[in-house]
Amino acid sequence: MEEAGKVLADTYFRQPVVFVKGDGMTLWDDTGKSYLDFVAGVAVCILGHSHPAVAEALNRQARELVHVSNLFFTEPQVKLARWLTDRSFADRAFFCNSGAEANEAAIKLTRIYQKSIGQTDRYRIITAQKSFHGRTLTTLSATGQEKIHKGFEPLVDGFDYVPYNDLSAAEGAVGPKTAGIMMEPVQGEGGVVVPDKGYLAGLREICDRRGLLLIYDEVQTGMGRTGPLFGYMRENVPPDIMTLAKGLGNGLPVGAMLATEKAMAAFTPGTHASTFGGTPLVCAAALAVCKTLEKEGVLEKAQMVSAYFIERLKALAEKHDVADEVRGRGLLLGLKLKKDAGALVGAMREKGYLVNCTQGDVLRFIPPLIVQKEHVDLMIETLDGLLAEF
């Protein structure tokens with residue numbers, strides 16, 4: 001850690017631990033201490049650490065073909081696109097390396113789509129306050145949080161922020177230059193905020209009536225994190241464009257932007273690209289993740305654990321005055337406290353449990369989707385003891 005402090009860019013609030021090995025729900029540090037992981041690389045490792053199906057796919061594909069660029073076709077990329085489009089609203093997929101890159105593609109597609117249909121002045125996109133869409137200059141500009149903007153002004157022009165769960169505000173923000181609306185089906189970094197019933201349907205109606213594209217940022221909520229394969233399925237309100245990353249590769253750097261045929265037709269050769277996007281290596285790994293979700297019934301099992309997890313968190317909230325509210329869906333859960341939760345994250349780590357904190361006062365639980373009730377019990381019992389002294 002001392003050497004890291006000398007050579008790594010100081011852009012993260014890193015916790016003082018060096019991990020060297022992972023297996024399923026468990027991580028080990030360089031002293032041999034084990035930790036139960038309720039962070040999963042920030043909602044990434046949905047199958048846990050070192051899953052054999054992913055390791056086998058990587059090993060096999062690395063021996064066959066790693067990279068040829070997108071100047072050519074490869075089978076793993078086509079198979080992954082087919083798997084995703086067969087199970088979603090989308091007709092076509094564009095692959096990239098991260099959630100920010102996927103959102104960047106979605107923003108570009110929305111703008112060029114409007115121009116392709118003759119709406120040349122439409123370029124602005126409505127996003128939500130407390131949203132999070134990435135760290136590139138454009139996606140941080142789309143993000144509705146001043147703390148993310150600070151120091152990088154002037155921001156990229158073209159984003160209007162409205163309160164989440166406020167349809168009147170969204171409608172009121174639509175102007176002659178609006179091209180689309182971009183929302184998270186559940187706000188993760190924004191404090192684990194779920195949409196009110198009818199909110200997504202209301203956004204869909206506004207977009208249809210005003211000639212806008214509806215974009216879902218499912219970078220965190222996709223791949224079963226909130227229960228169904230994609231978060232929008234919970235409300236049965238499909239978008240025109242959806243972005244994925246995080247759980248898609250179980251730790252491998254792969255992102256995707258999915259869209260309807262109508263929207264994606266605005267992208268033509270030369271309008272957008274990614275040198276490393278969708279390499280055979282990451283697509284083979286992502287396809288292994290997708291097939292494992294189905295083969296092992298991961299989402300169905302995760303839903304049962306989710307119900308149990310929520311029940312245990314609600315019991316904690318009732319027991320401790322410092323606990324305010326239980327939030328979330330599936331295995332994207334939050335416990336809002338009445339004070340800053342940062343110290344609890346460190347205290348839990350010392351006890352051998354990794355949890356996350358967002359918006360200062362919300363403990364966020366985003367474990368691998370393979371988490372078991374026994375893991376939840378162990379973590380809750382430890383948190384219970386700490387909350388009593390907090």
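At 1.4 Å probe size, with the rest of the protein present, what percent of the exposed accessible area of the chain is carbon and sulfur atoms? If you can, show how the numbers build up before the last one.
Working: 9210 of 17330 Å².
The value for the chain is 53 percent carbon and sulfur by accessible area.
Can you tell me how much longer the chain between residue 21 and residue 69 gets when fully stretched, taken as 0.36 nm per residue apart minus their C-alpha distance, in nm with one decimal? Can you show the working numbers first?
Numbers: separation 48, 0.36 × 48 = 17.28 nm, distance 3.14 nm.
Taking residue 21 through residue 69 to full extension adds about 14.1 nm, to one decimal.
Leaving out ligands and nucleic acids, and using a 1.4 Å probe, what accessible area per residue does the stretch 126-250 come to in Å²?
Numbers: 4320 Å² over 125 residues.
On a per-residue basis, 35 Å².
Straight-line reach from residue 295: which lysines have a Cα under 30 Å away, not including same-chain ones fewer than 8 places off?
21, 79, 246, 373
Using θ = phi - 60° and the Karplus form 6.51 cos²θ - 1.76 cosθ + 1.60, what ³J(HN,Hα) does each residue of the stretch 12-19 get, whole Hz, x for Gly and Pro?
So the Karplus estimates, Gly and Pro as x, are 10, 7, 6, 7, x, 8, 10, 8 Hz.
What does the accessible area per residue of the stretch 1-107 come to in Å², with a 1.4 Å probe and no ligands, DNA or RNA counted? Could you put the intermediate results ahead of the total?
Working: 6260 Å² over 107 residues.
Accessible area per residue, the stretch 1-107: 59 Å².
Could you give the accessible area per residue of the stretch 301-390, probe 1.4 Å, as a whole number in Å²? The partial results should precede the final answer.
Working: 3780 Å² over 90 residues.
Solvent-accessible surface per residue comes out at 42 Å².
Let me know the charge dipole size of the chain about its Cα centre in debye, to the nearest 20, where only the beta-carbon of Lys, Arg (+1) and Asp, Glu (-1) is charged. Walk me through the intermediate numbers first.
On the way: 43 positive and 47 negative charges, 148 e Å.
In debye, rounded to 20, the chain gives about 700.
Is the shape of the stretch 31-141 rounded, prolate or oblate, going by the alpha carbon gyration tensor and its root eigenvalues a ≥ b ≥ c, with a/c under 1.5 for rounded and a/b larger than b/c for prolate? Write down the numbers at each step before the final one.
Details: a/c = 2.54, a/b = 1.40, b/c = 1.81.
Taking the square roots of the gyration eigenvalues as a ≥ b ≥ c, the stretch 31-141 is oblate.
Quick one: Cα centre-to-centre distance for the stretch 289-305 and the stretch 10-60, in angstrom?
One Cα centre to the other: 19 Å.
I need the helices of the chain that pass two filters: whole DSSP H segments spanning 24 Å or more by Cα along the axis, and mean Kyte-Doolittle score no lower than 0.5. Don't skip to the end; give the middle numbers.
Values: long enough: 99-116 (25 Å, -0.53); 298-319 (31 Å, 0.18); 373-389 (25 Å, 0.11).
Helix filter hits for the chain: none.
The values are calculated or read from the model by the stated rules, or taken from the named source; none is laboratory data. Just so it is clear, the structure is predicted and the values come from calculations on it, not from any experiment. Quick reminder, even Gly has a Cβ in these numbers, built from the backbone with ideal geometry, and neighbours come from all protein chains shown. Keep in mind that these areas ignore ligands, DNA and RNA; they rest on the heavy atoms of the full protein, side chains included. Shrake-Rupley method; radii C 1.70, N 1.55, O 1.52, S 1.80 Å.
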